[in-house]
Structure formats: structure tokens, C-alpha cells
Amino acid sequence: MGSIPDTTNDPSFEVPDLTSKAISGNRAIFGKVLTVISGICVALLIVPLLLLLINIFDKGLSRMTPELFTELPPPPGLTEGGIGHAIIGSIMTLAIGAAVSFPFGVLAAIYLAEFGRGTRIAYLVKFSANVLTGVPAILCGLFAYSVVVIPLGYFSAFSGGIALGVLMLPIVIRSTEESLLLVPLEMRQAAIGIGATRFQTIMKITLPAALPAIVTGLVLALARAAGEAAPLLFTAFNNSFWSTDPRGPIATLPVLIYFFSIIPYKAQQELAWAAALVLIVIVLISSLLGRMFIRSKRI
Amino acid sequence: MTSGTDRDFASSGKSLDIYKRASTARILDLGFWGLTLSLALGGGAVLIWIIFQTAIAGWPAMQLFGLGFLFTSSWDPVNNIYGVLPQIYGTLVTTAIALIVAIPVGIGTAVFLTEDFAPKFIRTPIAFAIELIVAIPSVVLGIWGIFVLIPTLRPFFRFLNSSLGWLPFFGGGAPRGNNLFLVGLVLALMITPVIASLTRSTFEVLPSELRQGSLALGATRWETIVRVMIPAGLSGIISSIMLAMGRAMGETMVAAMLVGNANRINASILQPGSTITGLIASQFGEAGRTQVAALMYAGVVLMILSLLVNIFAELIIRRYQNIER
């Protein structure tokens, strides 16, 4: 370190002032103003979110009783009642959607991650899945309407499930593929090296290793579909009564919120807020779980 | 699957029938490959199938109304005359309002989260809160809009109308609770996190030499952000804006619940309007045959708009990623 010339006693050398005070007034003000503006931007995003959460807990919590989950909504003008039929309907349509999209999407992702890496087919499938993610949810509903509802001639839980399945499919494909790509290549090589076939490698090594990540992706896809009302409006439609018939129209939570919030009955509006609280809690829990998982994976 | 083969080998005591085993394994391998390949192709084809089905279902209306559908502003189930001009107008206006609000706020938020203006224990919850907004079901934002936002914002709308009413887009009669501006604001709340998180990840993948070089040349932190980081990340920012735009155009429940569904073109954004998605959601339940076809035609219009935006965004992302590598 002795190579640095000693300038402390050299009058011709001026030590440059590198502290922030050296930055001229205008530039400092420019920086301060922009810092404040970016802080305001964050506030513009966070404050409405906090207000929304406070409002929903405030208005929905009073109806959080056991009856909410076990009873039907009351006739117009009366109070009490619950949204049990819509919870069952949501579970049914989601189950049908999952039954359609999970095996389909996971197997397609296995091709993308295990067999088709870098091929033109994989590129096109990924491109199409990415574009499909951006397709408005209501178009998944129009699709299911023209593929299922028109040929069958009636609204049904089944067609609602198909619409949700189409909605979930690209999310399932993408998240599963990413999970599989996280599995180190060496694990596959080791399996092949001791004589396993490709099928054995995938079933016994790659899939089990990626399983937690895949399941996280599937849960997030379900959470996303659970909140969608648009594709269900003209597929599952709505129902005011208990129903577990996949061939008949069925009530779901998001559609119930939509219909109950635009009619002028107080009990129905309260139930809509309670249903909104149920949905928000589902979303909160699933994104917390997903986030915790991603964090634990990083360590 | 293979444990059976192994057990056969162990119990039979015969020599290792490696050829037999290899052939069943090979068939299994090939079959599995074929299955996953066909499903991958199927997954890719779903997009084409959706376009195809919607187009077929809307075909009668396309024949009947032709391109005039796009320039007609009546929705008349009694006389079976349909057109979506007001809806296209409403979709474009609400999307534009959403983008005008969301682009600066989203980029500002992204900068706040990338640079260390705040300690990590403040930034992490903010980042989580932003992800949370993306996950909130739009129908929940809709009910919040009806019962909380409209009463809260009504004085603000009145103020805009009375003080800036000479501007055509704030003018018109007394402002209504359900209006295009309100929808634009709620859409902005939905798409700002999209812009913020994608812009943030764009900043994070930029080579750190860019920032270091700029700082070393004596630029302040903000000069580095404005003159180096944002220009360098521009393609990423643009693609995030395109994706957000696609979201705003296709969002249904917020529009259906808050836009007012008035089938006319208002110069004023403080008046009710209509969007393509809101039209489909509100009319489908009681639609007859021709009307269903017309709604499907409207769906095709929406599909084309959102496909253009999405494919454009996707292509920018691909090109950008290639440069990065």
C-alpha cells in the first residue's frame, strides 16, 4: 500500500470533496424531490389496499357465524341465512377444473422440462401458454359456453369447471415447468447412470424432488381460479338452492358476490361482504403459503 | 412399474433377461414421451381452439353485421341491431385512464423497491402487499367500489366537474357515481402492481456495472436511475406496460359493476359508459340467439385486441431476454 503517493503535505493537490454536500444544490433537490415522489407512489398503492382490507374485515366479520357456511341465503327482505350452497358450488367447479387442468398441465410441463428442452415445439407451447395467461378470463367463459353449454343445452357446474380449467391450464403448465427446471441436472444424470430409464427417472427422481414446488404452483392456480366470476356467469350461471348436481346450474362465491352486491336488499349485501371476506382470506392464506415456500427454497 | 420385473427376476432365478426388460422399458418410455408430447401440443393448441370456437359462435353475427358492427352504437335486442362502438370507446378510455395513473406510480414503486431508500424490513412487507393486490379477486374490488369508493369519491368527482367542467372530459351534467373515471382508477389499482413488479425484476437483471459506472462518473443515485437504469430497462418496462394494458382491457367484473353500463359515448369521463367485457357480462344472461352471436362477435373483437397486446408484449420480452444473455 506504500505505492500511493503521500499527498497530505502537497499544497498543489486538492482532495476532492466526495460527500453528498459536494453535489450542487439543484441536483440534490432533484434527488430529494424524486425520492419523495417515489415514496408517494408506494403510498398510492398501499393505502387503498389497506383501506380495502379494513373495509372487508369490518363489513364481513359480523356475519362470520357457523350459519354462514351451513345455510341458504334468506328470501328478499328477511335477514339471517348463509352462503353454504355457494361454497359447495365453488368447491365443485374448482374440483372439476382441477381434474381437467392438473393432469393435463403437469404432463405437458413434463414434456417441456424433460424431453423437449430447447426444441421448437417447446418454444411454441410456452409462447402459447404465456399468451393464454393474458387472454381475458371472460373469454374462457365464452369458450366453455360454446363448447359445453350450447351442445348440452343447459348451464351446468360441469361447464363452469371446464371454464376454470382452461383458465388454470397455462398457470399449471408454467409453474410446473419452472419447478421441474429447478431440479439439478446431476440428479437425472445419476439416475440414468445407474441404469434407470427416462420414465423411471422422471417418476422416481425428478417429480418427487419437484413435488413441493409443483403443489405450491397448483395451489396458487386454484386460488386464482377461486376468485374468478366472469367465466362462471354464463357457464355455472347461478342457483339459489342447494345443488351438488354437476349437470345443473350451481351457485359460486364470486358470482354470488356479483349478484348480491347489485340488488338492494341489506341481508344479501351483507352476505356478499361476508363472501368477499371468505375469498380474501383464501387468497391471503394461499399467497402466504406460496411465499413461505419460495423463501424456504432459497435458503 | 419396474418392481414387478425385478421381482420376477429374483424369484424365477433365471438369468437376467435384459433384452425383455429393455423392450418393455423402451415401450414405456416411448409411450410416456408420446403422451406428454401430445398433451404439450394440446396445451399449445388450446389458444387456437378458443379463438376458433369464439369465432364460430360469433359467425352468424359477423355475417349479419360485418365490420359495421364496430362503428354502430346501438344495442337493440327488440330489432336485433347490434354494434359495439360505445363499448370499444369505453374500453379504450378506461384502459387509457388506468395506464396514465399506473405507469408513473408503478415505475416509482419499482424504483422505491429496488434502490435502498428504505430498510429491508419496510420494503419486504411492501413487496408482499403489492403481490397481494394482484391476487385480490376483481369481484371483491367491484363490491368495494360500489359500497365504499363511490360514496368516498363522489365529492371529488363533483369538485372536478364544478372546477374543471369547462374541459370536455370533466364536463357534462352532474357527475354520476358509476363512471368511466372510477373504473379507470380501480383498474389502475389492479395493474400498477403488474408494472411495479415486472419493472423491478427488469432493474434487478440489469448488469450492475451499468449502475456502478454511472455512480463512479459522479452521477447521483437519481441521475443514475433516470438517465441509466430506466433507458437501459426500457424494453422490459414497455412489455410490463403492455401486459398491464391487456389486463385492463380484459378485466370484466370491475367494469360490469362500476361502469354504469350506459350504451352511449360521453365525452365526459365523469359519466357512465360501457366496456366490451361489461357488455358481455351484463347482457349474456338474458340474451336470445342473435344477441348471443353478437356478444360472441364482441368477444372476438376483445380477443383480437388482447391478443395483439399480449403477443407484442411476449415478443418484446423474448427479444429483451436474448439481448440480456
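The values are calculated or read from the model by the stated rules, or taken from the named source; none is laboratory data. Remember, it's a predicted structure, so these values are computed and weren't measured experimentally. Please note: Cβ atoms are built from the backbone with ideal geometry, for glycine as well, and neighbour counts cover all protein chains shown.
Residue check: is A:LEU164 outside any loop (DSSP other than H, G, I, E, B), at pLDDT 95 or above, closer than 29 Å to B:PHE32 by Cβ and touching a Pro at 6+ places or on another chain (Cβ under 9 Å)? For A:LEU164, the condition - outside any loop (DSSP other than H, G, I, E, B), at pLDDT 95 or above, closer than 29 Å to B:PHE32 by Cβ and touching a Pro at 6+ places or on another chain (Cβ under 9 Å) - is met.
Restricting to segment A:193-203, what's the tally of residues that are closer than 16 Å to A:TYR111 by Cα, at the interface with chain B (Cβ under 9 Å from one of its Cβ atoms) and touching a helix residue (DSSP H, G or I) at 6+ places or on another chain (Cβ under 8 Å)? Counting residues in segment A:193-203 that are closer than 16 Å to A:TYR111 by Cα, at the interface with chain B (Cβ under 9 Å from one of its Cβ atoms) and touching a helix residue (DSSP H, G or I) at 6+ places or on another chain (Cβ under 8 Å) gives 5.
If I ask for residues that are at pLDDT 90 or above and more than 9 Å from chain A (Cβ to nearest Cβ), which ones from segment B:246-268 would you list?
Correct list: B:ALA248, B:VAL254, B:ALA255, B:LEU258, B:VAL259.
Somewhere in segment A:65-78, is a residue small (Gly, Ala, Ser) and crowded, with 16+ Cβ neighbours inside 10 Å? No, segment A:65-78 has no match at all. When B:THR114 is tested against (1) among the hydroxyl-bearing types (Ser, Thr, Tyr); (2) closer than 25 Å to B:LEU279 by Cβ; (3) at pLDDT below 90, just one condition goes unmet, and that condition is (2).
The number of residues in segment B:164-214 being within 30 Å of B:PHE128 (Cα to Cα) and either touching a residue at least 24 places away in the same chain (Cβ under 8 Å) or small (Gly, Ala, Ser) (or both) comes to 28. Can B:ARG289 be described as facing chain A (nearest Cβ under 10 Å) and basic (Lys, Arg)? No, not satisfied. Scanning segment B:297-305 finds one or more residues that are without any contact (Cβ under 8 Å) to a residue 24 or more places away in the chain and within 14 Å of the chain's Cα centre (by Cα). Mind checking which residues of segment B:115-154 are surrounded by fewer than 17 Cβ atoms within 10 Å (Cβ to Cβ), acidic (Asp, Glu) and more than 7 Å from chain A (Cβ to nearest Cβ)? B:ASP116, the sole residue that qualifies. Within segment A:123-174, the residues that satisfy the criterion of being of a type in the set (Ser, Thr, Tyr) and either surrounded by 24 or more Cβ atoms within 10 Å (Cβ to Cβ) or within 17 Å of A:ARG247 (Cβ to Cβ) (or both) are A:TYR145, A:TYR154, A:SER156, A:SER159. Evaluate segment A:165-177: report whether one residue or more is within 30 Å of A:ILE87 (Cβ to Cβ), out of contact with any strand residue (DSSP E or B) (no Cβ under 9 Å at 6 or more places or on another chain) and free of Cβ contacts under 8 Å to residues at least 12 places away in the same chain. No, segment A:165-177 has no match at all.
Considering only residues of segment B:5-49 that are under 50 Å from the mean Cα position of the chain (by Cα) and either loosely packed, with under 13 Cβ neighbours inside 10 Å or not in a helix (DSSP H, G or I) (or both), which is modelled with the lowest pLDDT? The qualifying residue modelled with the lowest pLDDT is B:ALA22. When B:GLY273 is tested against (1) free of Cβ contacts under 8 Å to residues at least 12 places away in the same chain; (2) more than 10 Å from every other protein chain (Cβ to nearest Cβ); (3) in contact with a Gly (Cβ under 6 Å, 6 or more places away or on another chain), exactly one condition is not met: (1). Would you call B:LEU307 farther than 30 Å from B:SER235 by Cα and within 12 Å of chain A (Cβ to nearest Cβ)? When the stated conditions are applied, B:LEU307 does not pass them. State yes or no: is A:VAL183 within 11 Å of chain B (Cβ to nearest Cβ) and of a type in the set (A, V, I, L, M)? The answer is no for A:VAL183. The residues of segment A:184-236 that are of a type in the set (A, V, I, L, M, F, W, C) and outside any helix (DSSP H, G or I), listed by number, are A:ILE194, A:ALA196, A:ALA229, A:LEU233, A:PHE234, A:ALA236. Looking at segment A:25-131, the helices (runs of 4 or more DSSP H) lying wholly inside it that each contain 2 or more residues that are within 7 Å of chain B (Cβ to nearest Cβ) and within 27 Å of the chain's Cα centre (by Cα) sit at A:25-60, A:84-110.
A count restricted to segment A:257-283 and to residues that are of a type outside the set (Val, Ile, Thr), facing another protein chain (nearest Cβ under 9 Å) and more than 16 Å from A:SER62 (Cα to Cα) stands at 3.
Filtering segment B:207-226 to residues that are crowded, with 17+ Cβ neighbours inside 10 Å and part of a loop (DSSP other than H, G, I, E, B) leaves B:ALA219, B:THR220. Looking across segment B:218-238, the residues that are within 18 Å of A:ASN26 (Cα to Cα) and not charged (D, E, K, R) come down to B:GLY218, B:ALA219, B:THR220, B:TRP222, B:THR224, B:ILE225, B:VAL226.
Contact annotation: residue pairs with Cβ atoms under 8 Å, 6 or more positions apart or on different chains, pairing a residue in segment A:182-196 that is under 22 Å from A:THR216 (Cα atoms) with a partner that is of a type in the set (S, T, N, Q), are A:VAL183/A:THR206; A:MET187/A:THR206. Test A:THR252 against the criterion of being within 28 Å of A:PHE127 (Cα to Cα), surrounded by 18 or more Cβ atoms within 10 Å (Cβ to Cβ) and touching a residue at least 60 places away in the same chain (Cβ under 8 Å), and give yes or no. So A:THR252 fails the test.
Between B:LEU206, B:LEU189, B:LEU243, which is of a type in the set (A, V, I, L, M), within 13 Å of chain A (Cβ to nearest Cβ) and over 12 Å from the mean Cα position of the chain (by Cα)? Being of a type in the set (A, V, I, L, M), within 13 Å of chain A (Cβ to nearest Cβ) and over 12 Å from the mean Cα position of the chain (by Cα) holds for just one of B:LEU206, B:LEU189, B:LEU243, which is B:LEU189.
Residue by residue, here is whether (1) surrounded by fewer than 20 Cβ atoms within 10 Å (Cβ to Cβ); (2) within 24 Å of A:GLY153 (Cα to Cα) holds:
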residue	(1), (2)
A:ARG188	yes, no
A:ALA210	no, no
A:THR216	no, no
A:LEU256	no, yes
A:ILE280	no, no
